[in-house]
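Engineer: My questions will all concern the structure given below.
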Amino acid sequence: MKRRRFIRNTSMFTTGLCAAPAALFSMESYKDVIIGHDTHRYKIDLNWGALNSQYYPVNDCHEMVQDSKGRILLLTNHTKNNIIIYDTSGHLLETWGTDYPGAHGLTLHNENGEEFLYISDNLRHEVIKTTLDGKEVQVFPYPRESGKYDTKEQYIPTETTIAPNGDVFVADGYGKQYILHYNADGELLTVFGGKGDEDHLFNNAHGICMDNRGPGGPTLLITARQQNKLKRFSMDGRFLESYDLPGAYICRPVIHGDHVYLATIWSGDGSEGTGFVSILDKDNRLISAPGGCTPRYRNGALDPMYQAIKIFYHPHDVCVDKDENLYVAQWNSGKTYPIKLIRV
Amino acid sequence: MRVHLLHIVLILLFLGCKEKRETTPFLTHKKVRMAPPMIEVDSILFHKEARVLLKMDLEGSTITYGLGETTETNGTTYEDPISIDESASLWARAEHPDFLPSETTSLALYRIKRNTTGMAIAIAPSPHPNYPGEGAQILSDMRRGDQNFRKGKAWLGFQSGTVQLQLRWASPIHISKISIGFLADHSAWIFAPKKISVFSAKQKLGEQTVDSPTEHQSSQLGMAQIPIPESTYQELQLTIESLEAIPSWHQGKGTLPWLFLDEILIE
C-alpha cells in the first residue's frame, strides 16, 4: 500500500512539475501591458472604436469630444459620416454629417444648458456651429474683413475655443497662422498672431483652448506644433509665456482637471509614424508620455522626446472622459478607428 | 476522502494550461514592437572621430548595436557612447521584456578625406522656392541635414525630374570618388534619385544607380557613391535623375517625386 501510494504521489508531482512551465508561460502571454509614466498610466484597448468600414468608414480621425450624456463624438473627414457617436464602451450609437469634406477641428460648448459643436473645416474654409444632432445654426466664414487674406483659400482653420460668453477664438493653423476673435454673433473683434518664429507668432498654430486653471482669470493655450511649443496668451492676444516640449509635435491642448493632454502626432526628428501622447501637470511640466520615452527635466529644460513603443501612428487628438480614460483619434493612420487608454 | 495537496496543485496547474482563455480587451505582452532607438551623433561627417549616443529611455529597455551587417544574433549591449574613427554603418535596435524588439535602425558615418569648401557649385534648375536651403553652398558645408527637412535650411528640394550640378575648383585636384547625400521619406513624397552620372567635358566618367524604393522602406539619409577614373580634375558635371514617377503602391502614384539633396563629398 505504502509503495503504491508513493508511486502515485510521485507520478502526480512529476506531472505537475512538467505542466508548471507551460502554465506559467501561458499566463505571461496574457499579461496586459501598461504604458505611461508617473501618476498617469494606462492599459490599451486597440479595438475600442473599430467599426465595419463598409458601412461606417473613416478617412482621418481628427478630433473627439464627450457630451454631457457621456457619449463620445468622433469627427472624421469622410463625408459618409463626418460625426460618429459612440458610448464609452465603443458601441456605435449614431452617425451624421455629409457636408464637411475638410472636417478637422471639433469643439463642444455648453451654452446655457444646450450643447453645440463647432466644426473647423479646412476645405470649406470656415467654422460651422451645429447642434449635437447635426443641424447647422451658424457659420463663421473666412475673415475677409480682417484685411489679412486675399482669398478664402488662404484661410484654413484648424481649431476653435469658446469663451463662457460665447466669444469664439479660431486658430488658422494651416493658413496664415492668425488667431481670430469673434463675438457670439460672428462679428470679428480682434486678430493676433501670424506666421513667424518669435514668441508671439506661430509656425502651425494647430490647436487652441481656454485655460481656467490659474488664479488670474482665463488665458489661451495655443500649440505651435512645428516649433514644439505650447504658448500662453491673454484673452486680448498678448503673449505671456511659452512651454518648450522639444521633440513633441503637439496638436491641441485638452484640459481636464489640473492636467493638459496633447496628442503628439510626430516626435523626435518628426518622421512618419512616431507619435505618442503628452500629459502635462498643473505647472505645465510633461509628466507622462504614453507611447513615448520617459520625460526628464535637467536644469528646468525637458530632454528631447521621442517615441518608445510603436502603438500610436499619428495621434491627432485626445479626449478625456469623466473617468479619466483617454480616447485617441489618429490622422493618416491607414483609416484606423480610435484607441482607448484605460487609466490604471 | 482526504484531499491531498498534490491534487490541488495539479488541478490548478491544469486550469492554467487551458489552450484558450476568455478574450481580454487589453493589449497584452509581446504584441507590439519597441520603437527603434534614437541615434545621436556629433557629426555624421567627421575628420578624426565621431561620438555616437544611442537612446531609448524606457524603464526595462536595452539597446543592442553593431557596425556593418546586422544579424539577429550579433551585436553588443549598449552602455556608453561609441567612438567611430573610420567610415562605418552603425545599426541598433531596442528590446524590452513586454514588447517585441524594434526594427533595426542604421546610420552611415563618413570620415572626410577631402575638404570641399572652396568648390564652386552651379545648379540647374534652381531648387523649388519652398526648399531653397541656404543656396548651393550647403552642398559643401561639411554638414548633413536631418530627417526633419521642414525645419532649418539644410536641404535643397527639387521637383523637376533631373538636376544638373556643375562643380569647379580654382586649380585641378585629384579625385577618385564623388558622393552625394540625399533624403528618402516616402510619407513626404520624397524619393531617392534613380541614377547619378558624373561627366567631365561631356565625357561620362561613372554612374551609380540607386536601389528601387520599396513600399515599407523607412526614411533614410542616403549617400550615393560614384567611383570615377582616378585623375586630376578642375571641373565635373553631375546629372541626378529622379524617378520618372512615384511608384504605383504609393498614394502619389504617377506624379513626379521630390528630390532632396544636402551634401557632396570628394575623395
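Engineer: Of the residues that sit in the stretch A:274-301 and are at negative phi and without any contact (Cβ under 8 Å) to a residue 12 or more places away in the chain, which one is surrounded by the most Cβ atoms within 10 Å (Cβ to Cβ)?
Structural biologist: Here the residue is A:R296.
Engineer: Another question, if that's okay. From B:I240, B:I178, B:I246, grab the single residue that is farther than 22 Å from B:G133 by Cα and either of a type outside the set (K, R) or out of contact with any strand residue (DSSP E or B) (no Cβ under 7 Å at 6 or more places or on another chain) (or both).
Structural biologist: Result: B:I246 is the single residue among B:I240, B:I178, B:I246 that is farther than 22 Å from B:G133 by Cα and either of a type outside the set (K, R) or out of contact with any strand residue (DSSP E or B) (no Cβ under 7 Å at 6 or more places or on another chain) (or both).
Engineer: While we're here: Just to be sure, is A:L46 in contact (Cβ under 8 Å) with a residue 12 or more places away in the chain and surrounded by fewer than 23 Cβ atoms within 10 Å (Cβ to Cβ)? Don't jump to the end; show me each part of the working.
Structural biologist: Values: in contact (Cβ under 8 Å) with a residue 12 or more places away in the chain: yes; surrounded by fewer than 23 Cβ atoms within 10 Å (Cβ to Cβ): yes.
Considered against the rule, which asks whether it is in contact (Cβ under 8 Å) with a residue 12 or more places away in the chain and surrounded by fewer than 23 Cβ atoms within 10 Å (Cβ to Cβ), A:L46 comes out as yes.
Engineer: Please find, among A:S271, A:S242, the residue that is part of a strand (DSSP E or B) and surrounded by fewer than 24 Cβ atoms within 10 Å (Cβ to Cβ). Steps first, answer last, please.
Structural biologist: Working: A:S271 fails: part of a strand (DSSP E or B).
Sole residue among the options that is part of a strand (DSSP E or B) and surrounded by fewer than 24 Cβ atoms within 10 Å (Cβ to Cβ): A:S242.
Engineer: Considering B:E79, B:E103, which residue is outside any strand (DSSP E or B) and in contact (Cβ under 8 Å) with a residue 60 or more places away in the chain?
Structural biologist: B:E103
Engineer: Please go through (1) of a type in the set (V, I, T); (2) surrounded by 14 or more Cβ atoms within 10 Å (Cβ to Cβ); (3) closer than 26 Å to A:N332 by Cβ for A:T98 and return the number of the only condition it doesn't satisfy.
Structural biologist: Against the list (1) of a type in the set (V, I, T); (2) surrounded by 14 or more Cβ atoms within 10 Å (Cβ to Cβ); (3) closer than 26 Å to A:N332 by Cβ, A:T98 comes up short only on (2).
Engineer: Now a separate question. When you scan the stretch B:183-267 for strands (runs of 3 or more DSSP E) that lie fully inside it, which ones turn up with 1 or more residues that are small (G, A, S) and in contact with a Pro (Cβ under 8 Å, 6 or more places away or on another chain)?
Structural biologist: Numbers: elements: B:195-200, B:203-209, B:220-241, B:259-266.
Passing ranges, in order: B:203-209, B:220-241.
Engineer: Could you check, for the stretch A:67-76, whether at least one of its residues is touching a His at 6+ places or on another chain (Cβ under 7 Å) and either under 30 Å from A:A163 (Cβ atoms) or in contact (Cβ under 8 Å) with a residue 40 or more places away in the chain (or both)?
Structural biologist: yes
Engineer: Can you find even one residue in the stretch B:104-111 that is among the aromatic types (F, W, Y), surrounded by 21 or more Cβ atoms within 10 Å (Cβ to Cβ) and within 25 Å of B:G252 (Cα to Cα)?
Structural biologist: no
Engineer: Determine which member of the set A:G237, A:G292 is at the interface with another protein chain (Cβ under 9 Å from one of its Cβ atoms) and small (G, A, S).
Structural biologist: Exactly one of A:G237, A:G292 is at the interface with another protein chain (Cβ under 9 Å from one of its Cβ atoms) and small (G, A, S), namely A:G292.
Readers should treat all values here as calculations from the given coordinates under stated rules, not as data from a laboratory. Every value quoted in this text rests on a predicted model; they were computed, and no experiment measured them. Every residue, glycine among them, receives a Cβ derived from its backbone with ideal geometry; neighbour counts consider all protein chains shown.
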